[in-house]
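What follows is a short report on a single structure.
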Amino acid sequence: MKVRRSATAGVRIGGRPAWAVLVPAILAACTDGVTPSSLLAPTEGALGSSSPAPPANVRIVASVATIQGPDWSAPVGSVHQFTARVVDAQNRPVTGRTVRWVSERPTIATMDSTGRMHVLAVGFALVGADLDGQRVRMQFKIVPGPNGITSVAGGAPTTAPAGAPAPQPVDGGAQTTTTAPGAAPFWGPRDTTGTLALTVSRFDGAAGGVLVSNGVPLAPGTVRPDALPRMRLLVAGGANARTGGALAEVPVAITPLAGRHPDGSLRSVLVQFRLAALGAADRVPASLVLGNRGGAPRAPGFTTTPAALGVPAAGVGVPDAAALPTDADYLVRTDIVGPTVTTAAASRLGEPFASYETRFARAAERHWTVSGTTWEHYYYDRAMVFYAAWARSGNPVFWHRATRMAVAYRRDYVEANRYGVSAHWSFVEGLGRHYLLTGDEASRVAVAQMATTLGGFQPRLSDPQSVDARVYGRVVQSALTAWQLGQGVPYPAAAGSAGTTAWASRLDDALTRLASYQTADGRYPTFLSTCGGQQAFMAGILNDALVATYRTYRADARAVTAIRRSADFLWSTQWLPASRSFRNADTGCAGQNAAEPTPDLSGLSVTPFGFLARVTGDAKYRAAGDQIFAGMAGAWIDGTKQFNQSYVSSFRYLGER
């Protein structure tokens, strides 16, 4: 039995594998102390005086490629290889350093000198690496192995008696608090990373003084609200930024943005500061001190407000400059675009995953050159496509393009129509990310207002004469995004009644209505376009929304049941092996070409198959998903719509599988 998942510890994660699903929890290995010009060195001594003192700002980066969420579980009897590197403040490798692998609960799991963890018994394993006083720890939930084996320690395997209680965490490292009612606990230990490396980039083509303003996504467990007063920002060269300068603290306004991870930690913070000089081509290192390891509050001289900076507290829609994480491994861990892997990790998997990346690179540049930010080319949420490209590569150019696209779509379509959007043109995921990555309240308001508009379909979700699976999926996704962005910070007055809607109740209602909408054989029927049949891409849109609901709102078994029945029906009635794609519909109206292959739509249907492989453990779904993914190589993506369809959500399959 294999657990094809991933977890990592340290400020930076190396080699994100294709099995990654959620973001891992970590314990840091660096001090939170700073001086005005540089970070202090970490403590020393764990390996003795024979080891040379580590350079200042080094961190341990430990990772494991075979364990991941949602419950951080590994089965009894399994073996997992951990890796570790040592990096400096700019994430550059530090040579000549060797970590010591440890297990603090050797009766549950042992670690050998090469970093291999041998799982022995049900419980909670706490393992990690030490280097000169620095400690990285990761906690994993150990579950019964094949045939219910609960222990392999000291001889023959044993199994748990009927009715035995589930294992419980044995210390405070595990996070069991959740903002999602009924959601699975956050099992990993707190992410107490001391600092986060950023790169300041300018996008307006100018030089000289500039306001830097953007949201910084945070990994689960990284920053809790009480750490905000201790957060600080250091920039190479200080306010007179220069690439080769020493890190120096600058005055900064740091504002928590709405949205929380399942463990209650912040999803993003708005960081705003001014630089006296920044060139158009400059890429200046910076370091965000996260304040989660104690320490004094930020000094008054380094504390400012948006008003003092002369900018709105509601964020800047398209900033002239931004201080962004550029480490793709870290960005993937933040879950900012959902479960996925880096472009580099996907390419290393070989075909068809390598060509998926190369095809995207060529097509993305071509579409940007031709259509830019024109909202008519936004269909199927192009901002989400480019935000995912940024998160998976760390390239800030993709971030800037996505940001411009999101504002154009919101301004020229959503706001121009006073939020009275068509369900088919309702794309809230990109706008939700735009808010989290810029702090622009107008996008958060738009999400709530659009969800309210789509709420008009809510009473009819059980009626295939009135809705199809695409509309159902849009209703669920809009309510989910509005719910996510309503946590921690109330909606502004501009949201009106939309800001007080009980989004959780709408999600619960949508989950309940699934049983009435889906037929006994697993079809999501519609009489609007197929005379009672099912279009494959519409089923994919609804299933994708249900996957997101399961992951971030509540791990509801009804979602898994519906997705599984739908996937089984899709595969048995609509899969075309010759074209490696789904037929348009299982049946259709008179004169409709229901049997037409639709490889350009396969990207909308593939992620739920990876999800099922993960949550059910049934390998047939991964095998099917890989075939679907391979068939995407035959999709025509020169068209705007076809390109967006292929890449708006398929990147999540790489994380789910």
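Points to keep in mind about this one:
- Only listed residue being over 27 Å from ARG202 (Cα atoms), at pLDDT 95 or above and either surrounded by 24 or more Cβ atoms within 10 Å (Cβ to Cβ) or among the polar types (S, T, N, Q) (or both), chosen from THR438, THR452, THR403: THR452
- Residues of the range 266-287 that are open to solvent by less than 40 Å² (accessible area, probe 1.4 Å) and part of a strand (DSSP E or B): LEU266, SER268, VAL269, LEU270, VAL271, GLN272, PHE273, LEU275, VAL284, PRO285, ALA286, SER287.
- Every pair of residues 6+ apart whose Cβ atoms lie under 6 Å, when the first sits in the range 439-468 and is free of Cβ contacts under 8 Å to residues at least 24 places away in the same chain while the second is crowded, with 21+ Cβ neighbours inside 10 Å: ARG460/VAL467
- Lone unmet requirement of (1) more than 19 Å from the chain's Cα centre (by Cα); (2) within 17 Å of VAL428 (Cα to Cα); (3) assigned to a helix (DSSP H, G or I) for THR373: (3)
- Screening VAL79, VAL94 for residues that are open to solvent by 40 Å² or more (accessible area, probe 1.4 Å), under 30 Å from the mean Cα position of the chain (by Cα) and modelled with pLDDT of 80 or more leaves exactly one candidate, VAL79.
- Close Cβ contacts (under 9 Å, 6 or more residues apart or on different chains) running from residues in the range 552-575 that are among the aliphatic types (A, V, I, L, M) to residues that are part of a helix (DSSP H, G or I) and surrounded by fewer than 17 Cβ atoms within 10 Å (Cβ to Cβ) comprise VAL560/THR616; ALA562/ALA515.
- Scope the range 594-616; condition out of contact with any strand residue (DSSP E or B) (no Cβ under 9 Å at 6 or more places or on another chain) and assigned to a loop (DSSP other than H, G, I, E, B); matching residues: VAL606
- Search result, residues across the range 497-532 that are in a helix (DSSP H, G or I) and either in contact with a strand residue (DSSP E or B) (Cβ under 6 Å, 6 or more places away or on another chain) or open to solvent by less than 40 Å² (accessible area, probe 1.4 Å) (or both): ALA498, GLY499, TRP503, ALA504, LEU507, ALA510, LEU511, LEU514, TYR517
- The combined condition, being surrounded by fewer than 24 Cβ atoms within 10 Å (Cβ to Cβ) and either more than 17 Å from GLN535 (Cα to Cα) or among the hydrophobic types (A, V, I, L, M, F, W, C) (or both), is not fulfilled by ASP586.
- Qualifying residues in the range 238-265 (those that are open to solvent by 10 Å² or more (accessible area, probe 1.4 Å), modelled with pLDDT of 90 or more and more than 24 Å from the chain's Cα centre (by Cα)) - the one farthest from LEU480 (Cα to Cα): ALA248
- Qualifying position, being within 28 Å of ASN543 (Cβ to Cβ) and of a type in the set (A, V, I, L, M, F, W, C), among ALA416, ALA448: ALA448
- VAL471 being modelled with pLDDT under 95 and either assigned to a helix (DSSP H, G or I) or open to solvent by 30 Å² or more (accessible area, probe 1.4 Å) (or both): no
- The selection criterion, being among the β-branched types (Val, Ile, Thr), surrounded by fewer than 23 Cβ atoms within 10 Å (Cβ to Cβ), modelled with pLDDT under 95 and farther than 30 Å from ALA207 by Cβ, does not hold for THR373.
- Check on ARG411, at negative phi and either open to solvent by 10 Å² or more (accessible area, probe 1.4 Å) or modelled with pLDDT under 95 (or both): yes
- Top-ranked residue of the range 316-341 - restricted to ones that are in contact with a helix residue (DSSP H, G or I) (Cβ under 7 Å, 6 or more places away or on another chain) and open to solvent by 10 Å² or more (accessible area, probe 1.4 Å), ranked as nearest to ARG622 (Cα to Cα): ALA328
The values are calculated or read from the model by the stated rules, or taken from the named source; none is laboratory data. All values reported here derive from a predicted model rather than from experimental measurement. Cβ atoms come from the backbone with ideal geometry, glycine included; neighbour counts cover every protein chain shown. Each accessible area value is taken on the protein alone, full model and side chains, heavy atoms only, with ligands, DNA and RNA left out. Shrake-Rupley method; radii C 1.70, N 1.55, O 1.52, S 1.80 Å.
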